[in-house]
Every structure is written in structure tokens, then in C-alpha cells.
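Have a look at the structure below before the remarks.
We did not get these values from a lab; they are worked out from the coordinates using the rules stated. Quick caveat: nothing in here was measured; it's all calculated off a predicted structure. Backbone-built Cβ (ideal geometry, glycine too); neighbour counts: all protein chains shown.
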Amino acid sequence: MLLHAEINKAMTAHALWKERLLSAIDSGDSGYSPAIIAKDDHCEFGQWLYGPSVSEADRQNPYYGSVRQLHADFHKATAEIMLYALAGKKGMAHKMLGTGSHYASLSGELMRTLARWRDSGR
């Protein structure tokens, strides 16, 4: 059940990033540093994902490796958008965040893979 709970929390937390990015784009300010955002082991889910609480069986699940890579890529894409937002480059930041963007693709794939991993243990 720990796996289910952690993945559900991660899905909720990562869904909030679009709102945070939109707010940063609109205001040109954020309490989040792009350098920290880029690190996939600093968020609560990343700390869990890389930490000792993940069972060996969960680490052997094929979704684990995919989630780790997608999660890392998501953090890098999010940090890049935040850089543009904080630099006041609203048009580019909106484009990088929008439908069909790399960010949108990564975000969707991360959510789908998290759901598959969560549901694979049922």
C-alpha cells in the first residue's frame, strides 16, 4: 500500500507544477529556484523514489526505471520553463508549457507510467 500512496501523492504534486509555472510566467517571480527544480531527488517523491523505502520488488518492476527517467526529464523540462518565466520571456515560456510541447508530452507520459506502475501491483 505504501507504493500506491506514494504514487498517488506524486501524481497530485506533479500536476501542480503547471499551475506553479503559469503563476511564475504571469508574475515573473517564484519561490522555486530552477537549479533546485532540475534536481529530481529534491522533491518529496524523488526522495522516496531514490530512498530506502522503495522495496526491492518495486525496484525490479519494469515501471520503476521508466518512472525514474521520466521524473528526471520532467524536472529538467520544468526547470527550463522556470528559467524563461523568471527571465520575463513569457511567450517562450507559454510555448514550452503549451499543448504539444515537450513538457506536455513528458508530463502526460509520466502520469500514465505512474498509473501503470501503481496499478501493476494490484
Discussion item. Quick query: amide H of SER33 versus all other amide H atoms, modeled in the peptide plane; which residues come in under 5 Å with a sequence gap of 5 or more or a different chain?
Written reply: none
Discussion item. Just to be sure I follow: if Rg is taken over the C-alpha atoms of segment 71-117 and Rh is the Kirkwood radius over the same atoms, what is Rg/Rh?
Written reply: 1.05
Worksheet item: If you plug each phi of segment 11-21 into the Karplus form 6.51 cos²θ - 1.76 cosθ + 1.60 with θ = phi - 60°, what whole-Hz ³J(HN,Hα) values come out, in order, with x for Gly and Pro?
Response: 4, 5, 5, 6, 5, 6, 5, 4, 5, 5, 5
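Pull out the extension gain between SER27 and ASP119, defined as 0.36 nm times the separation in residues minus the alpha carbon to alpha carbon distance; nm, one decimal.
Working: separation 92, 0.36 × 92 = 33.12 nm, distance 3.83 nm.
Separation in residues times 0.36 nm, less the Cα-Cα distance, equals 29.3 nm.
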Response to the item:
For MET111, the net charge from surrounding residues (Cβ-Cβ under 12 Å; K, R +1; D, E -1) works out to +3
Response to the item:
One checks the Cα atoms of segment 1-60 and finds Rg and Dmax, in Å, of 14.0, 44
Worksheet item: Label point 7 Å out from LYS90 along Cα-to-Cβ: which residues of segment 1-35 have amide N under 14 Å?
Response: 22-29
Response to the item:
At q = 0.14, 0.22 Å⁻¹, the log10 of I(q)/I(0) for segment 31-91 from a Debye sum over equal Cα scatterers comes to -0.46, -0.84
Discussion item. Need one number: convex hull volume per residue for the chain, Cα atoms only, in Å³.
Written reply: 87
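About the Cα centre of segment 2-120, how large is the charge dipole given +1 on each Lys and Arg Cβ and -1 on each Asp and Glu Cβ? Please answer in debye to the nearest 20. Could you put the intermediate results ahead of the total?
Details: 13 positive and 13 negative charges, 59 e Å.
Once rounded to the nearest 20, the dipole reads 280 debye.
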Worksheet item: Given R₀ = 22 Å, FRET efficiency for VAL54-LEU16 by Cβ-Cβ distance, to 0.05?
Response: 0.45
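Helix-only mean residue ellipticity at 222 nm, the chain, DSSP H runs n ≥ 4 weighted -39,500 (n - 2.57), per residue, nearest 500. What is it?
Dividing the helical sum by the residues of the chain leaves -24500 deg cm²/dmol.
By per-residue mean of other Cβ atoms within 10 Å, what is the highest-first order of 6-17, 50-61?
Values: 6-17: 15.7, 50-61: 11.5.
Ranked by mean Cβ neighbours within 10 Å, highest first: 6-17, 50-61.
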